[in-house]
Amino acid sequence: MKAVVFYGPNDLRYEEVPTPRPERGELLVRIDAALTCGTDVKTARRGHPVMIPRVPTVFGHELAGTVVAAGEGARGFQEGDRVVAANSAPCGQCPLCRAGRSNLCEDLLFVNGAYGEYIALPPRLVEKNVVRLAQGTPAARAAFAEPLACALLGVERGRIESGQTVAVFGHGPVGCLIAMVAAARKARVLLLGKRGWRLDRVRKLGVAEAVDVLDLPDVADGVRQLTGGRGADVTVDATGRPEVWEQAMAAAGKGGTVVFFGGCPPGTTVRLDTRRAHYEELTLVGAFHHTPEAIRRAIELLESEMVVPDGLITHRTGLPSVREALELMSRGQALKILVDPRHDAILGEIALP
Ligand SMILES: [Zn+2]
Ligand SMILES: [Zn+2]
């Protein structure tokens, strides 16, 4: 089969590899749709010790497909089932798993291989984090399950509710998904980003009130002005930049919650206003990855069309141009790029639906 294989930092190769055979407990899935992700861009550049412990490996981690064969003892699925597979499976045994926080599992198994024609899903993933899709769910939409589950976990950590005002910092795909989930919960959502092609696209999609931070002399003051002087009930950083974490804290109102969703470079720190943290009872929470429950809730949001993220797909490509697609992502010129492994389509833009 054809695949895009990661050999190490800055070394992605489109090549012919053996089609995997499903071993005991495994499922062989034909990939119908994969999506690019900001994490891919970072990982392609510098590797990822946790998500990619061994190289070479087929790259990519957001996918939907169809079961074409089941290994001996693989229960619950049959040939022809359309499925979503998450990119990890928790152990279910460690103290954090038992405490219901399996996104922090001490032995999280990561699975890569979305940018190929087929993938063999390992037994633990088949048991914990492969979900059958309803008939009419398009594969490209279903492939959003993984990033949407991350977004959903962030929204749940922030306890975002109807009637609240939420400020999301960062208008990349995940910032947009967080905004969509918050809006689906009937919160008022401000989506903060810098002007340009992506912010225009987000504005046209009508995801939220798009705010150009370059129009605001001080971002936190700007958020206060837009919220009747009070600040947002919940702020979410979806940029992974320490200075934006500080803005997110500054923009939260009295009694507010700040969700640190974006991962910052290792070793970075932020300054915390201790007076506000104490007297204004700020709640500061991290949000990382997803759980099997969040994956299932994300699929429910997609299948019920409570969240329709299709408009975040700005381009489509076949496997031969994945590297080019990731370069487009890294230049901030794309949101999500649909990778269709069964077409040799060259990279092209998709108009708004
Ligand atoms: Zn992702
Ligand atoms: Zn565990």
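I'd like the FRET efficiency for residue 68 and residue 134, computed as 1/(1 + (r/R0)^6) with the beta carbon distance as r and R0 of 22 Å, rounded to 0.05. E(calc), rounded to 0.05, equals 0.70. You can think of it this way: the chain between residue 221 and residue 1 has 73.8 nm of extra reach, that is 0.36 nm per residue less the Cα-Cα gap.
I need the shape label for region 312-353. Rule: rounded when a/c is under 1.5, else prolate if a/b > b/c, else oblate, with a, b, c from the alpha carbon gyration tensor. It is oblate, given that a/c is not under 1.5 and a/b is not larger than b/c.
For region 67-201, the alpha carbon convex hull comes to 151 Å³ per residue, rounded to a whole number. So which residue, out of 49, 266, 147, gets the largest mean-square fluctuation from a GNM of the chain using Cα contacts under 10 Å as springs? Sorting by GNM fluctuation, first place goes to 266. If the chain linking residue 268 and residue 55 were pulled fully straight, counting 0.36 nm for each residue of separation and taking away their Cα-Cα distance, it would gain 73.9 nm. How big is the dipole moment of the chain about its Cα centre under a simple scheme where the beta carbon of each Lys and Arg is +1, that of each Asp and Glu is -1, and everything else is neutral? Debye, nearest 20, please. It comes to approximately 400 debye.
Sorted largest first, the spans of the alpha carbon positions of region 125-242 along the three principal axes are 50, 31, 28 Å. The alpha-carbon positions of region 32-89 define a convex hull whose volume is 112 Å³ per residue. Estimated purely from DSSP H runs of n ≥ 4, each contributing -39500 (n - 2.57), the mean residue ellipticity at 222 nm for the chain is -8000 deg cm²/dmol once divided by its residues. For region 111-166, the Kirkwood hydrodynamic radius comes to 14.0 Å, computed from all pairs of different C-alpha atoms. A simple spin-label model places the labels of residue 310 and residue 161 3.4 nm from each other, with each point 7 Å out along Cα-to-Cβ. The reciprocal of the average 1/r between distinct C-alpha atoms defines the Kirkwood hydrodynamic radius, which for the chain equals 20.7 Å.
The residue list 295, 142, 244 was ranked by how far each Cα lies along the charge dipole of the chain toward its positive end, using unit charges on Cβ atoms, and 244 comes out on top.
Per residue, the Cα convex hull of region 248-326 amounts to 194 Å³.
Checking the cross-link pairs 2/42; 2/336; 42/186; 204/254; 254/336; 2/194 against a 28 Å limit on the alpha carbon distance flags 42/186; 204/254; 254/336; 2/194 as lying beyond it. Summary: within the chain, the longest segment free of GluC sites (Glu not before Pro) located in DSSP loops with at most 14 other C-beta atoms within 10 Å is 162-279. Run through the DSSP bridge list for the chain and note the antiparallel percent, rounded to the nearest 5. Roughly 55 percent of the DSSP beta bridges within the chain come out antiparallel.
The overall shape of region 234-293 is oblate: from the C-alpha gyration tensor, with semi-axes ordered a ≥ b ≥ c, the ratio a/c is 1.5 or greater and a/b is no larger than b/c. Ordered by solvent-accessible area of protein heavy atoms (1.4 Å probe), largest first, the residues 24, 316, 159 come out as 159, 24, 316.
Residue ranking by accessible heavy-atom surface, 1.4 Å probe, largest first, among 272, 347, 125 comes out as 272, 347, 125.
Do me a favour and compute the ellipsoid semi-axes for region 1-141 from its Cα gyration tensor, root of five times each eigenvalue, largest one first, whole Å.
They are 22, 21, 14 Å, listed from largest to smallest.
What's the FRET efficiency of residue 13 with residue 331 using the Cβ-Cβ distance as r and R₀ = 35 Å, to the nearest 0.05? So, using R0 = 35 Å, E works out to roughly 0.95. Judged by the gyration tensor of its Cα atoms, with axes a ≥ b ≥ c, region 52-122 is oblate; a/c meets the 1.5 cut and b/c is at least as large as a/b. What the Kirkwood sum gives for region 1-68 is a hydrodynamic radius of 13.1 Å, with every pair of different alpha carbons counted.
The values are calculated or read from the model by the stated rules, or taken from the named source; none is laboratory data. Being a predicted model, the structure only gives us computed values, none of them experimental. For neighbour counting, all protein chains shown are included, and Cβ atoms are generated from backbone atoms with ideal geometry for every residue, glycine included. For the accessible areas, the whole protein counts, side chains as well, though only heavy atoms, and no ligand, DNA or RNA atoms are used. Shrake-Rupley method; radii C 1.70, N 1.55, O 1.52, S 1.80 Å.
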